1. Could you give the length gained by full extension between residue 243 and residue 321, i.e. 0.36 nm per residue of separation minus their alpha carbon distance, to one decimal place?
2. In Å², what does the accessible area per residue of the chain work out to with a 1.4 Å probe?
3. Expected output is a single nm value to one decimal: the length gained when fully extending between residue 497 and residue 290, i.e. 0.36 nm times separation in residues minus the C-alpha distance. What is it?
4. Which value in nm describes the separation of the simple spin-label points at residue 137 and residue 155, placed 7 Å from the Cα toward the beta carbon?
5. May I ask you to list the residues of segment 167-193 whose amide nitrogen lies under 13 Å from a point 7 Å from Cα along the Cα→beta-carbon direction of residue 276?
6. Suppose every K and R has +1 on its Cβ and every D and E has -1 on its Cβ; what is the size of the dipole of the chain about the Cα centre, in Debye to the nearest 20?
7. Rounded to the nearest 500 deg cm²/dmol, what is the calculated helix-only ellipticity per residue at 222 nm for the chain, with -39500 (n - 2.57) per DSSP H run of length n ≥ 4?
8. Sorting check: for 383-395, 475-487, 491-503, which peptide has the highest mean count of neighbouring beta carbons within 10 Å, and how do the rest follow?
Amino acid sequence: MRLEMPVAPDRESLDTIEGALETMLARLKEILEASALTQETLIEITAIYNNVAYIFLYLEANDEYVGYDRLLPWRDAFHADDQLDDLVIERLTRLRCADPEAEESRLSYLNELRDKRAARERGDTGELDRLLAAAKDVLAETRREHNTLLVRLGVDAGGSPQAAFYRLLATTPRAGTRTKLARAWTARRDDRRDTLIGLIDGMVTLRRDRARAAGHRSVLAQTLTKSQVDEAEVDRFLAGFLRAAAAGHTELEDEVASVLGVPDDPFLHFGHYLRTITDEQPMPRFSLDAAMSYAFTVAEAVFGLTVRRVDTGSPHVLGVEVYRDGEEVGRVNFDLWDMDRKTVEANHTRGLRNRTDFSDFVQHPVAFVSCRFRRQHDAANLITFQNLHSLFHEFGHALNHLLIRKRISNRSGLEYLPLERLENFSMWYEKWVYHPEAADHLGLTGDERAGLDVAQRVKALEFRRTAVDRAVSALLDFELHRRGRGGMTDVFDDLDQRYGIGRHCALGDFPAYFTWPMYVAQPGANFSYAWGAADSCQRFAPFRALSLADIRRDTGLRELFSPCFDFNAAGSRPDSAAVFAFYEPIGRATCVAPA
Ligand SMILES: [Zn+2]
């Protein structure tokens, strides 16, 4: 659940990104306009698309905070330009690579583009976009209805009605009133549930037709060509994850019911429960500087990376260069977003673009991390625990991007990692906010340490509360795209029969997710979030037991990360139990001492 106020940051930081996109597009065209491709320029093109993919993944993860609409034409410039695709197909057709991996990559890239062209020629490109836009319109209507309800209740929705409503519920003292409010809220959502599901089902049907036309057994089978796991493995993993999530769900419901004394649907009262158990304790804020330096210390201790500040030419972007053994491995730009600053006119600092040396983007990948903070009177920048968690998660993505061993893989065209592994490393990095040494590295004193404990527990409880939701959304997505017929309602009913999910969640909780960019981009593969959660908890376990000093001495630990950096390194199916073993004890400490 996203609970923070969505405040639009000023957009100056986007200019750095726009400059990067502009330079990369120019270089791509320059390469393609030369008469023939070479193995080296193919690798360069792959590196460019890796960077573009990373940038849009980053922007989508932050779309609540930054209106990046103005950058969307750039995505089209790379991914939806028929003439560009035709030119790449023509150049790839004439190329032969001496290196067998590069040759396989060439063929797989070529197939991808030919599939895309065939879909275009069948004329089925616009329909999916139309359905998606219609689904988003339905959600916008619901949001307006929710806003109207909030206004009637005298609540200022700010930017996110959902977050405002959650706060309202948490601060409403009477259980009966909370129940009534929650029902009114859900009724407005469910008014349009079936219309929304109809549109999502329409998208699924279109994808099924296309997957068959491209020679795949199912949409899922087509998506999994970019992965190293098979359907049966994912199915087993998700079943285990769901069972554990459901058991934890029931347990947590009982805890909430006993603390608040509410008989019905305890999770309607979850926000209030969190307030109840944490009320007496101060919620900590952390120094942004200390948080960044802790993130860099982890990179140094685990991977031997050193980080040096560099001038970016903008006060809103903090740049660092990352080195290993004296060699530069890449650069990370931290976009500094002061959440209290009023949105200013987009300030297009054109000068930044010219500073972007293209060679940076090929020899040295560039990554972006958003830092959302509030500036205090004493000019210190402070962040919440959620911000700290996001900062570590995003820095994990950034380092993952920098540490990819080969910019070209022989398995899957432009993908640099199997898609089930895309979240493994970032989720592993975020776990450092739970490490026993975190408080020391964040420079916390007595009360602040107790505050950190509380914040960790709240986050762990939030995870436990939402685990069923994660499992069911992944299973719905997986099953819908595995099957050749049937819609979301059928799949939900089947899952209910098989696992009894109706006891824990409702069909109406899920359709909105299917309009999110990741669901649209990789249909069937939403399981990668649950997969990443399990993998990261398992991978973090040995690090949690060691001090950073011990870790620094044991450079062999780095070997554990091959599957995170190398497409072709063998991965393994994570144990779903690892997630629950990680979060349950952290959440429990609060529950045994209710206020
Ligand atoms: Zn992520």
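The values are calculated or read from the model by the stated rules, or taken from the named source; none is laboratory data. Given the structure is predicted, the values throughout are model-derived calculations rather than measurements. Methodologically, a virtual Cβ is constructed for each residue, glycine included, from the backbone with ideal geometry; neighbour enumeration extends over all protein chains shown. To get the accessible areas, we keep the full protein, side chains included, count just its heavy atoms, and leave off ligands, DNA and RNA. Shrake-Rupley method; radii C 1.70, N 1.55, O 1.52, S 1.80 Å.
1. Values: separation 78, 0.36 × 78 = 28.08 nm, distance 4.40 nm.
Stretched out fully, the residue 243 to residue 321 stretch lengthens by 23.7 nm.
2. Details: 24880 Å² over 595 residues.
Accessible surface, normalised per residue, equals 42 Å².
3. Values: separation 207, 0.36 × 207 = 74.52 nm, distance 4.97 nm.
Once the chain is fully extended between residue 497 and residue 290, it gains 69.5 nm.
4. With each label point 7 Å from Cα toward Cβ, the separation is 2.8 nm.
5. Output list for this probe position: 170-176, 178-179.
6. Working: 75 positive and 91 negative charges, 154 e Å.
Dipole size: approximately 740 debye.
7. On the way: 25 runs with 363 residues, N = 595.
Computed mean residue ellipticity for the chain: -20000 deg cm²/dmol.
8. Numbers: 383-395: 22.4, 475-487: 19.4, 491-503: 16.5.
Put in order of decreasing packing, that is 383-395, 475-487, 491-503.
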